[in-house]
Each structure stands twice: as structure tokens, then as C-alpha cells.
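Notes follow the structure.
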Amino acid sequence: MEETKRIEQLRNELHRHNYLYYIKNEPAITDQEFDALMHELQALEQRHPELFDPNSPTQRVGSDLSNDFPTVVHQRPMLSLANTYNRQEVAEFYERVRQGLQGEPFEICCELKFDGLSISLHYEHGRLQRAVTRGDGVQGDDVTPNVRTIQSIPLVLPPDAGWPDVFEIRGEVLMPWASFEKLNRERQQQEETLFANPRNAASGTLKSKQPAVVAQRQLDAYLYYLLGDELPADGHYENLVAARSWGFQVSQHMRKVSTLDEIYAFIDYWDTERKNLPVATDGIVLKVNSQRQQRSLGMTAKNPRWAIAYKFQAEQASTTLREVTFQVGRTGAVTPVANMDPVQLSGTTVRRATLNNADFIRALDLHLGDHVLVEKGGEIIPKITAVDESFITPDRGPRVEFITTCPECGTPLVRYEGEAATYCPNDTACPPQIKGRIEHFISRKAMNIDSMGPETVDDLFHRGLIRDVADLYDLTVPQINGGNRNRDISARKLFDGIRASVAVPFERVLFALGIRFVGETAAKVLARNFKSIDALAAASLDDLLAVSTIGPAIAKSVLEWFANPSHVFLLERLRAAGLQFEISEERKAAQSNRLEGKSIVISGVFQHHSRDEYKALIEQHGGKNVSSISAKTSFILAGENMGPAKLEKAQKLGVSIVSEAEFLEMIGE
Ligand code: IVH
């Protein structure tokens with residue numbers, strides 16, 4: 001079959017399977033079959049760049065083009081809802097509506113209030129055109145490339161489903177509890193700050209500059225408001241049912257009612273039942289169903305008069321504090337943890353809550369045996385919000401004191417000026433610090449030794465086989481299997497995984513070392529600028545600060561790390577094991593600063609390199625690839641068939657256009 005046809009056929013088929021899988025929960029083919037179709041499409045699209053379509057199913061994986069977000073003015077402002085917290089206020093709303101409609105009968109659509117961030121999606125001719133965040137209600141961020149990665153948002157609507165040619169649909173982007181918990185587990189392993197709740201995680205993710213990161217994070221979306229000049233019905237509920245048939249994810253839990261008692265019943269039901277939902281909700285939304293009636297009710301300065309939000313109480317429970325334990329992390333930071341009598345909270349049994357740090361404990365004036373109030377307001381990690389003073393008796397238990405020595409190794413703890421955390425300074429011999437550093441070293445974004453998990457680290461540590469990361473490279477298969485031949489296969493796999501890691505590029509080795517404040521990005525920047533571990537070790541404070549994105553905290557930390565003789569010794573052992581301590585010759589030869597400080601947009605189709613190759617070339621020469629044109633863009637690297645809209649925008653902003661040949665000359669190729 002002709003390839004163009006096949007591409008179109010594959011795109012349609014994949015859109016349909018996507019819908020069956022993510023919206024209907026009725027997959028018609030296996031994941032493998034799905035992947036096979038996807039791969040076929042990817043291969044064909046690579047051969048036919050001229051058929052590029054931003055709404056192709058392949059685009060959901062997210063390109064790694066970085067993007068800054070253009071601001072867009074909403075065609076219709078995105079209003080927010082007035083909040084109520086009790087039945088009385090709900091009754092008052094109902095009464096206001098009744099009077100406003102002068103006795104005319106009306107229906108109320110009851111919906112869940114999803115706790116994420118609102119999004120406005122524009123469709124034209126059945127295709128997603130633009131996705132904009134709420135922003136300040138008048139204008140928001142255009143986050144279309146990120147939204148394209150959300151699997152439950154249709155990119156292309158099924159033909160002949162009856163959708164209007166132009167419409168807007170609004171809804172909430174969310175991170176389901178399961179994805180949120182997985183993400184935080186990963187972040188905990190990396191000792192990255194945790195997201196407090198799924199809403200923050202969803203919002204942080206949607207504003208990520210890398211669509212590929214968004215794609216990994218598994219966001220979801222529920223749509224709850226259809227707008228446009230040619231909608232199928234006058235009823236809001238009916239319009240959403242129609243939108244569902246066009247492939248949008250519309251909650252199955254909305255109900256149309258007409259009495260106040262039915263509204264109360266809906267509220268009561270969901271007040272408890274919401275704990276069983278896969279996503280976070282923080283209330284109920286009540287909307288007058290008829291759009292004609294909505295218009296006649298109108299709005300106040302800020303909110304529509306035809307809708308209201310009823311917010312659930314943040315869940316609280318009271319229990320008894322039994323013990324405070326202290327946990328030591330990879331960096332030596334000591335976290336106090338409250339151990340309490342088990343109590344039911346938001347559908348889970350809570351036994352432990354974080355107490356953050358010494359100041360937090362002092363502010364609560366916490367004593368053992370106190371009755372404490374625990375809250376889980378969307379936050380996954382429960383927190384103690386107060387001591388229930390009505391229970392305090394004269395024989396109150398002892399005051400909770402922060403420990404002064406490390407619970408793991410006995411070393412006196414220290415607190416650095418200006419920091420809330422307390423640290424165990426014994427980084428060379430304190431077991432959780434050693435294990436934490438090894439876990440960081442082997443993690444995916446570092447050395448990626450995926451045949452090894454935390455249990456193996458623990459096991460090898462307890463058997464005295466590993467005390468630092470260099471010990472990994474001295475391990476033998478018999479040592480790993482502990483003399484048990486039944487474990488030969490997994491031991492061999494682990495051994496091979498460790499060997500293979502010597503090929504990991506220098507920038508990731510640098511990240512793996514776990515130097516404080518040197519995260520993935522800083523490691524890349526340092527590797528690019530200093531090119532080898534020796535040059536980095538020899539760098540002075542001024543040398544480090546001369547690198548544009550390196551600030552004093554990172555610079556000082558790097559200096560301190562290399563000044564420690566045990567680290568110098570560790571590096572020598574890792575060097576002997578064959579790890580990459582400099583950027584590869586190819587990378588070095590290819591690198592220059594010719595594009596330093598330049599923001600470059602890539603557009604169109606190219607002859608000599610693929611788009612990804614051009615992106616890599618821009619970075620190699622010190623430039624930055626951005627995805628949309630703004631006044632700050634230095635120039636556009638334009639291939640053939642650059643879109644007319646981009647051209648116009650470039651001309652308007654006076655951004656120059658550089659051809660493929662000119663660009664290659666610029667970088668000396
Ligand atoms: S309707 C004019 N329906 O709650 C009507 N909003 O302040 C506007 N939300 O910004 C919104 N679930 O982010 C509506 N079923 C639902 C909702 C919902 C969550 C959010 C939305 C909005 C905020 C209201």
C-alpha cells in the first residue's frame with residue numbers, strides 16, 4: 001500500500017485504540033499489538049517528514065524540544081466558582097436560583113469537583129488546536145505540546161460523530177493517585193523534594209518545559225464544560241453526554257436533579273465515596289442545567305450566578321502520639337517521624353506522620369501521649385496540625401526532644417546556620433547515608449544499574465561487601481550469590497549490569513557521585529564546561545562561578561567535595577574501574593561556543609540532518625533550542641515548508657531567518 005495512505009490509516013486506527021483503552025477501558029488489541037502499530041507509524045513518519053502532524057498519535061510520547069509558553073488571551077474568560085462549605089449556603093444558592101428564574105422549573109447538574117488544574121481545549125474541524133491553562137482567568141499559558149501527551153485527551157475526533165466544527169471544552173487536568181504515589185516514591189529515592197499533593201504534581205508537570213517528562217508522568221483529564229456557538233443542546237448535561245460520545249472523558253458520576261434533597265443526597269454520598277475514586281476531588285459543583293437559564297441568571301463580578309462549589313471539609317482525625325523516631329537520609333538529614341495509634345483518615349489507616357524538623361516540634365509543644373489532630377488535606381503524607389488541648393492532663397507525658405546524636409551511628413548531630421534540617425555529619429560511616437549514596441549512584445538517571453534494587457544494596461551492605469560505590473566494581477559473582485549456586489543467574493545479571501555501567505557518559509557519572517546540589521542539570525553544565533573530572537577538581541571558586549548557571553551554593557559544595565581526601569581516593573578507585581571521567585573525544589571535538597546565548601527555533605523540513613540532530617547540534621555549540629517564537633528568539637533555523645503563521649510571527653517580531661546551509665556554515669560544518 002502507498003505509504004501516505006498507510007500513515008493515515010495507522011493514525012486513525014491508533015486514535016481509535018487509544019480511545020478504547022483510555023476512555024472506554026475496553027482495549028481491543030494487546031499492548032504489544034498497539035506498540036507494533038505505533039512503531040510502524042513512527043518509522044513511516046520518519047521517512048515522510050513532509051507529512052508531519054502535531055496531532056499524530058506518535059506525538060503523544062512528547063518530543064524533547066523544550067518550550068517556553070506563549071500567553072494567550074481566552075476567547076471567553078475562565079471564571080471561577082463561589083465556594084460554600086455548608087448545607088445552609090447550598091440552600092441559599094438554590095433559593096437565589098429559584099427566585100432569579102421567577103418560579104420557572106429548573107434542573108441542577110451535580111458534579112464532582114476535581115482537584116487539579118483547569119484547562120481550556122480548542123477544537124477546529126475535529127482536531128485539537130490549542131490547550132491553554134486558566135492563568136488569571138483572562139489569559140493563560142499555551143501548553144499545547146504538553147497537553148498532547150495526555151492520553152485521555154483526543155487529538156483527532158472520530159469522523160461523523162456530530163461535533164461542531166468549532167468549539168471549546170474545559171476540564172481539569174489531574175494526576176491520578178497511583179501515578180502521584182509512584183512519582184513521589186521515585187523522587188524520594190532520588191532525595192528530590194516531594195510533591196505535596198496530586199494537584200501540585202499535575203500543575204508542576206503541565207508547566208514542565210519538556211513534553212517528554214509530561215508524557216512519562218501519566219496525567220489524566222476530565223472534561224466538564226462545553227462552550228461554543230453551535231452546541232448540540234441547551235442542556236449542559238446533555239452537551240457533556242454528547243462530548244462523551246465524541247471521545248472525551250466525561251465523568252460517569254454527574255447527575256441531573258431538581259430538588260434540594262436530591263442535592264444533599266449527592267453531597268452525602270460523595271463525601272465518603274470519593275475516597276474510592278482514582279483521582280483527588282475536593283468538593284461538589286452544582287450547575288443550573290439549562291444554558292438559557294444560565295444566561296438569564298448571569299454573573300456577578302467574579303462568578304457565575306448559575307453555579308456554585310460545595311467544598312468538602314479537609315479530613316481530620318484525632319489520635320494518640322506514642323513515640324517519635326528519627327530517620328536518616330542519604331544526605332545525613334534527620335527527619336522526625338510521629339508514631340501514633342492507628343486511625344482512619346481519607347480511606348487509609350494512618351500510623352505515622354512527618355514532623356518536619358526541630359522547629360516544627362517545638363512550635364507544636366509536643367509531648368508523648370498527647371492527643372493530636374492529624375490532617376490529610378489532599379496531601380499524601382499526613383501531618384499533625386495541633387495538639388488537642390482539651391485532653392491535656394497534669395500528668396502529661398514527657399516533652400518530645402529532638403535527638404542530639406545519630407540514631408544509626410551515634411555521631412553528635414549538627415545544625416548548619418540558616419537551615420531548618422539537622423544533620424548527621426558522619427557521611428563516611430553512617431549506614432543509611434552509605435546505602436542512600438549507593439542507591440542514588442545506581443539509580444536510573446545516574447549509573448542506571450537496573451539489575452540492582454534497594455534490597456540488594458541492603459543485603460550486600462549487611463554482608464559487608466559494599467561500603468562505598470567503588471566497592472561495586474570489585475564484586476565477584478560468587479560474592480554476590482553468597483555461595484548459593486541457585487542465585488547464579490541473578491548474580492551474573494547484576495555483575496554484568498555493574499560492568500556495563502562503565503560506559504555511562506561523564507555527565508551522569510558526575511551526577512551519580514551525589515555531590516550536594518549537583519543535580520542532573522548542574523552535572524550536565526559542569527561536564528560541558530570543565531570537560532573532565534580533573535579539570536573540575538582543579539577549578540577555583542571563581543572558575544566555577546564564571547559558569548553562567550552555577551551559583552554559590554553549587555560552587556561551594558563542589559569545592560568542599562573535592563577537598564575531602566576520602567573523595568579523592570574514591571575517585572581514583574572509580575577511575576581504575578574504568579568509569580568515564582571526561583566527555584568523549586567525539587563530543588569534545590564537536591563542541592564549541594559559537595551559539596552561546598542564542599535561543600533558536602527549529603521549523604520546517606531539512607535536507608542534511610533530522611530535527612533531533614539539529615537540536616543536538618544547537619546544544620553542542622552552546623545554544624538553546626526553544627519551541628515557540630518570541631521577541632527573545634535569536635533566529636529561526638528554517639528548513640523547507642516553514643508554516644506561514646510562524647513566518648508571519650517572525651516578521652512581526654523582527655526575528656531573522658537562517659537557512660539550513662547558513663546554519664551549517666555558522667557552526668563550521
Ligand atoms: S465548572 C463557570 N465543573 O473548580 C464554570 N469546575 O472555581 C467553571 N473544577 O476553576 C467551572 N471540577 O478548575 C467546573 N466539575 C467541575 C469542576 C470544576 C473542578 C475546578 C475548575 C474551576 C474551579 C472552580
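Of all residues in the range 280-290, which are modelled with pLDDT under 95 and more than 9 Å from the ligand (Cβ to nearest atom)? Spell out the reasoning first.
Residues of the range 280-290 modelled with pLDDT under 95: 280-283.
If the condition is that a residue be modelled with pLDDT under 95 and more than 9 Å from the ligand (Cβ to nearest atom), then A280 is the only one that fits.
Out of all the residues in the range 566-593, which are part of a loop (DSSP other than H, G, I, E, B) and either modelled with pLDDT under 95 or among the small types (G, A, S) (or both)?
G578, I583, S584, Q591, S592, N593
Just checking, how many residues over the range 108-150 are assigned to a loop (DSSP other than H, G, I, E, B), more than 16 Å from the ligand (Cβ to nearest atom) and surrounded by fewer than 19 Cβ atoms within 10 Å (Cβ to Cβ)? So that I can check it myself, show each step before the final result.
Pass one, the range 108-150, residues assigned to a loop (DSSP other than H, G, I, E, B): 115-116, 125-126, 134-138, 143, 148-150.
Retained after the next criterion (residues that are more than 16 Å from the ligand (Cβ to nearest atom)): 125-126, 148-149.
Going one step further and asking which of them are surrounded by fewer than 19 Cβ atoms within 10 Å (Cβ to Cβ), we end up with 125.
Of the residues in that region, 1 qualify.
For the range 245-266, enumerate the residues that are touching a residue at least 24 places away in the same chain (Cβ under 8 Å) and within 14 Å of the ligand (Cβ to nearest atom).
The answer is F248, Q249, V250, S251, H253, M254, R255, K256, F266.
Of all helices (runs of 4 or more DSSP H) completely enclosed by the range 510-557, which ones contain at least 1 residues that are among the β-branched types (V, I, T)?
Working: elements: 520-530, 533-538, 541-545.
Hits in the range 510-557: 520-530, 533-538.
Output the number of the condition that L231 fails; it satisfies all remaining conditions of (1) within 30 Å of the chain's Cα centre (by Cα); (2) part of a loop (DSSP other than H, G, I, E, B); (3) within 16 Å of the ligand (Cβ to nearest atom).
L231 satisfies every listed condition except (1).
Would you please list the contacts, defined by Cβ atoms under 7 Å and residues six or more apart or on different chains, that run from a residue in the range 291-304 that is within 12 Å of the ligand (Cβ to nearest atom) to a residue that is of a type in the set (A, V, I, L, M) and assigned to a helix (DSSP H, G or I)?
L297/V97
Considering only the range 267-279, state which residues are assigned to a helix (DSSP H, G or I) and either within 15 Å of the ligand (Cβ to nearest atom) or surrounded by 18 or more Cβ atoms within 10 Å (Cβ to Cβ) (or both).
Let us first name the residues in the range 267-279 that are assigned to a helix (DSSP H, G or I), namely 267-276.
I267, W270, R274 - these are the residues of the range 267-279 that are assigned to a helix (DSSP H, G or I) and either within 15 Å of the ligand (Cβ to nearest atom) or surrounded by 18 or more Cβ atoms within 10 Å (Cβ to Cβ) (or both).
List pairs: first residue in the range 81-102 and in contact (Cβ under 8 Å) with a residue 12 or more places away in the chain, second residue part of a helix (DSSP H, G or I) and within 15 Å of the ligand (Cβ to nearest atom) anywhere in the structure, Cβ distance under 6 angstrom, at least six positions apart or on different chains.
What qualifies is G100/L297; L101/Q293.
For L494, are the conditions met, namely being over 27 Å from H621 (Cα atoms) and either part of a loop (DSSP other than H, G, I, E, B) or among the hydrophobic types (A, V, I, L, M, F, W, C) (or both)?
Details: over 27 Å from H621 (Cα atoms): yes; either part of a loop (DSSP other than H, G, I, E, B) or among the hydrophobic types (A, V, I, L, M, F, W, C) (or both): yes.
So L494 fits the description; yes.
Would you check if V173 is of a type in the set (A, V, I, L, M, F, W, C), within 30 Å of H17 (Cβ to Cβ), in contact (Cβ under 8 Å) with a residue 24 or more places away in the chain and touching a helix residue (DSSP H, G or I) at 6+ places or on another chain (Cβ under 8 Å)?
Numbers: of a type in the set (A, V, I, L, M, F, W, C): yes; within 30 Å of H17 (Cβ to Cβ): yes; in contact (Cβ under 8 Å) with a residue 24 or more places away in the chain: yes; touching a helix residue (DSSP H, G or I) at 6+ places or on another chain (Cβ under 8 Å): yes.
In short, yes.
The values are calculated or read from the model by the stated rules, or taken from the named source; none is laboratory data. On a predicted model such as this, the values are computed, not experimentally measured, just so you know. Here the Cβ is made from the backbone with ideal geometry for all residues, glycine too, and neighbour counts use every protein chain on show.
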